[in-house]
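Engineer: Pasting a structure here, questions to come.
The values are calculated or read from the model by the stated rules, or taken from the named source; none is laboratory data. No experiment lies behind these values; they were computed from the predicted model shown. Glycine gets a Cβ as well: all are built from the backbone with ideal geometry, and neighbour counts include every protein chain shown.
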């Protein structure tokens with residue numbers, strides 16, 4: 001679905017003045033995201049993950065290498081709209097990405113830009129709002145919604161364009177726990193529908209749900225693997241400047257005390273199940 | 001602090017007037033405003049007031065909402081009324097010391113006041129019954145012939161609707177910054193006007209910076225959703241004139257003719273206080 005071939009992004013920092021060295025956001029990065037997969041892109045601030053996201057949507061063009069979305073080069077002007085329709089993007093700040101004062105008009109913004117027939121727009125908008133669970137708020141103003149609901153409006157806006165891939169650029173970073181879990185629930189449903197999901201996040205609990213985790217550090221790929229593989233390597237996560245999920249931390253502490261917990265135990269639920277299954281004498285009924 | 005200001009004064013209701021095409025409502029309001037200047041006597045104003053009341057009744061917007069439109073222009077109303085009343089020369093009606101009220105002055109004062117009131121009430125019916133977004137859409141479509149002359153009508157309408165969308169966001173932002181500066185010991189309440197204005201600088205500078213950041217974010221989000229200007233864009237709610245709009249147009253024309261004919265004294269009605 002998305003291919004990065006030796007992608008480099010260099011740009012001059014704003015206000016840096018003359019003679020300042022350009023910043024390298026991405027440095028000769030190559031990777032492939034298969035159709036229908038769920039990839040988490042993680043890394044600390046400045047690791048280049050947001051730059052990578054913008055490259056996937058042709059919002060930013062690489063200074064070296066090529067980015068292909070479904071085979072189309074993002075530097076091809078003719079393909080830009082097709083690419084943006086195929087690879088939708090949800091941004092971090094729920095307030096700053098909604099265009100209209102009415103929920104359904106905002107969801108319609110993408111299809112309207114695609115020049116679809118009003119009846120087709122209506123159908124898609126209704127479908128997207130239902131999928132995102134905001135149908136009953138369709139005539140409200142986004143200002144009356146919570147952060148999580150606004151973010152679901154943004155997701156509906158992307159869904160209405162019927163993309164094959166959705167990129168979440170730290171879309172949960174500004175939400176409260178309820179909003180965050182609502183967005184994650186959305187992602188799980190998208191995955192069931194076969195939509196490719198690229199999740200850029202700081203939260204390792206979220207990344208642990210992905211098929212694969214791609215760790216970026218200083219513009220380069222530090223590691224790539226399934227969550228079980230990534231979290232099994234000691235120090236890899238801390239080298240990337242990140243933090244292990246709480247369940248994995250507990251798992252590792254239990255291992256130090258001799259418990260033989262397998263690598264696939266990554267979240268609280270499977271950890272609890274393991275404990276209940278292996279130490280039944282300590283778990284009441 | 002300033003969270004609860006209501007902007008725009010749309011009155012939510014599903015009346016015939018609400019459902020009229022915004023283009024027709026804009027045109028109708030414009031025609032009404034122009035016709036008010038044709039009126040030459042009190043009966044003419046009576047006709048206009050009757051027609052307007054009819055529209056207000058049908059629109060179901062409570063009269064007290066319409067009357068509210070008077071509040072901001074109270075001062076101007078009183079001012080023009082008094083000036084006209086006291087300063088126009090003519091036949092003296094009443095005199096007390098240096099204060100004289102003439103017949104002409106009284107007439108002119110009443111005329112100007114009634115006209116101003118009818119203007120404001122008429123315009124407020126438009127804003128009460130039309131969502132700000134429909135208004136900007138309507139303006140875009142009305143002005144769209146100008147785009148052939150190079151006027152960027154779509155962009156102007158888009159800016160207007162985005163400005164409307166972001167008013168509450170920026171109000172919230174201002175509130176946040178003011179609280180942050182208050183927590184640092186800022187003082188917005190004391191001192192003279194100049195001093196107070198100066199004290200607002202620590203609010204305005206971060207507000208502008210934030211506004212630019214929001215604009216940048218929004219531009220990127222719009223681009224990501226395939227926005228590339230007005231060309232080739234369709235709408236979820238395309239504007240179509242219906243029978244309702246045709247009927248409304250006929251009534252508007254009838255209104256205009258009535259006012260015009262009365263101003264010429266061609267109606268079998270008396271002319272009261274003709275100017």
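Engineer: Only residues that are modelled with pLDDT of 85 or more and in contact with a helix residue (DSSP H, G or I) (Cβ under 6 Å, 6 or more places away or on another chain): list them for region A:268-285, please.
Structural biologist: A:268, A:271
Engineer: So, one more: When region A:89-113 is examined, which residues are found to be facing chain B (nearest Cβ under 7 Å) and within 22 Å of the chain's Cα centre (by Cα)?
Structural biologist: Passing the criteria: A:89, A:91, A:93, A:95, A:96, A:97, A:99, A:109, A:110.
Engineer: Of all the residues that make up region B:13-41, how many are touching a residue at least 60 places away in the same chain (Cβ under 8 Å), within 18 Å of residue B:120 (Cα to Cα) and part of a helix (DSSP H, G or I)?
Structural biologist: 11
Engineer: Another question about this same structure. Look at residue A:58 and say whether it is buried (at least 24 other Cβ atoms within 10 Å of the Cβ), touching a helix residue (DSSP H, G or I) at 6+ places or on another chain (Cβ under 8 Å), assigned to a loop (DSSP other than H, G, I, E, B) and more than 7 Å from chain B (Cβ to nearest Cβ). Let's see the steps before the verdict.
Structural biologist: On the way: buried (at least 24 other Cβ atoms within 10 Å of the Cβ): yes; touching a helix residue (DSSP H, G or I) at 6+ places or on another chain (Cβ under 8 Å): yes; assigned to a loop (DSSP other than H, G, I, E, B): yes; more than 7 Å from chain B (Cβ to nearest Cβ): yes.
When the stated conditions are applied, residue A:58 passes them.
Engineer: Working carefully through the options A:175, A:116, A:139, find the one that is more than 14 Å from chain B (Cβ to nearest Cβ), part of a loop (DSSP other than H, G, I, E, B), over 23 Å from residue A:212 (Cα atoms) and out of contact with any strand residue (DSSP E or B) (no Cβ under 8 Å at 6 or more places or on another chain). I'd like the intermediate steps shown before the answer.
Structural biologist: Values: A:116 fails: more than 14 Å from chain B (Cβ to nearest Cβ); A:139 fails: more than 14 Å from chain B (Cβ to nearest Cβ).
Of A:175, A:116, A:139, the one residue that is more than 14 Å from chain B (Cβ to nearest Cβ), part of a loop (DSSP other than H, G, I, E, B), over 23 Å from residue A:212 (Cα atoms) and out of contact with any strand residue (DSSP E or B) (no Cβ under 8 Å at 6 or more places or on another chain) is A:175.
Engineer: Here is a follow-up. Please go through region B:66-81 and give me each residue that is part of a helix (DSSP H, G or I), touching a residue at least 40 places away in the same chain (Cβ under 8 Å) and surrounded by 15 or more Cβ atoms within 10 Å (Cβ to Cβ), ordered by number.
Structural biologist: Hits for region B:66-81 are B:66, B:73, B:77.
Engineer: Moving on. Hey, any hits in region A:63-75 for a residue that's within 12 Å of another protein chain (Cβ to nearest Cβ), surrounded by fewer than 20 Cβ atoms within 10 Å (Cβ to Cβ), more than 23 Å from residue B:235 (Cβ to Cβ) and at pLDDT below 95?
Structural biologist: Step one: of region A:63-75, the residues within 12 Å of another protein chain (Cβ to nearest Cβ) are none.
Checked against the condition, which is being within 12 Å of another protein chain (Cβ to nearest Cβ), surrounded by fewer than 20 Cβ atoms within 10 Å (Cβ to Cβ), more than 23 Å from residue B:235 (Cβ to Cβ) and at pLDDT below 95, region A:63-75 yields no hits at all.
Engineer: Checking residue B:217 against (1) within 14 Å of another protein chain (Cβ to nearest Cβ); (2) part of a loop (DSSP other than H, G, I, E, B); (3) in contact with a helix residue (DSSP H, G or I) (Cβ under 6 Å, 6 or more places away or on another chain); (4) surrounded by 13 or more Cβ atoms within 10 Å (Cβ to Cβ), which test does it fail?
Structural biologist: Here residue B:217 clears every test but (2).
Engineer: Do we have residue B:225 as within 24 Å of the chain's Cα centre (by Cα), free of Cβ contacts under 8 Å to residues at least 40 places away in the same chain and surrounded by 16 or more Cβ atoms within 10 Å (Cβ to Cβ) here?
Structural biologist: On the way: within 24 Å of the chain's Cα centre (by Cα): no; free of Cβ contacts under 8 Å to residues at least 40 places away in the same chain: yes; surrounded by 16 or more Cβ atoms within 10 Å (Cβ to Cβ): yes.
Considered against the rule, which asks whether it is within 24 Å of the chain's Cα centre (by Cα), free of Cβ contacts under 8 Å to residues at least 40 places away in the same chain and surrounded by 16 or more Cβ atoms within 10 Å (Cβ to Cβ), residue B:225 comes out as no.
Engineer: Which of (1) more than 9 Å from chain B (Cβ to nearest Cβ); (2) farther than 18 Å from residue B:225 by Cβ; (3) in contact with a helix residue (DSSP H, G or I) (Cβ under 8 Å, 6 or more places away or on another chain) does residue A:131 not meet, given it meets every other one?
Structural biologist: Against the list (1) more than 9 Å from chain B (Cβ to nearest Cβ); (2) farther than 18 Å from residue B:225 by Cβ; (3) in contact with a helix residue (DSSP H, G or I) (Cβ under 8 Å, 6 or more places away or on another chain), residue A:131 comes up short only on (2).
Engineer: Of the conditions (1) away from chain B (no Cβ under 12 Å); (2) crowded, with 16+ Cβ neighbours inside 10 Å; (3) within 24 Å of residue A:207 (Cβ to Cβ), residue A:53 clears all except one; give me its number.
Structural biologist: Unmet condition: (1).
Engineer: Here is a list of conditions, (1) in contact (Cβ under 8 Å) with a residue 60 or more places away in the chain; (2) under 30 Å from residue B:20 (Cβ atoms), and residue B:110 meets all of them except one; can you say which number that is?
Structural biologist: Failing condition for residue B:110: (2).
Engineer: From B:156, B:177, B:167, grab the single residue that is within 12 Å of chain A (Cβ to nearest Cβ) and either within 30 Å of residue B:240 (Cα to Cα) or crowded, with 17+ Cβ neighbours inside 10 Å (or both). Explain how you work it out, then say what you get.
Structural biologist: Working: B:156 fails: within 12 Å of chain A (Cβ to nearest Cβ); B:177 fails: within 12 Å of chain A (Cβ to nearest Cβ).
Every option except B:167 fails the conditions.
Engineer: In region A:182-274, which strands (runs of 3 or more DSSP E) lie fully inside it and hold 3 or more residues that are buried (at least 21 other Cβ atoms within 10 Å of the Cβ)? Even if it seems obvious, please write down each step before you answer.
Structural biologist: Numbers: elements: A:196-201, A:212-217, A:220-225.
Counting at least 3 such residues, we get A:196-201, A:212-217.
Engineer: Output yes when any residue across region B:116-125 is without any contact (Cβ under 8 Å) to a residue 40 or more places away in the chain and either buried (at least 18 other Cβ atoms within 10 Å of the Cβ) or not assigned by TED's automatic domain parsing to the domain that holds residue B:72 (or both), and no when none is.
Structural biologist: Scanning region B:116-125, I find no residue that is without any contact (Cβ under 8 Å) to a residue 40 or more places away in the chain and either buried (at least 18 other Cβ atoms within 10 Å of the Cβ) or not assigned by TED's automatic domain parsing to the domain that holds residue B:72 (or both), so the answer is no.
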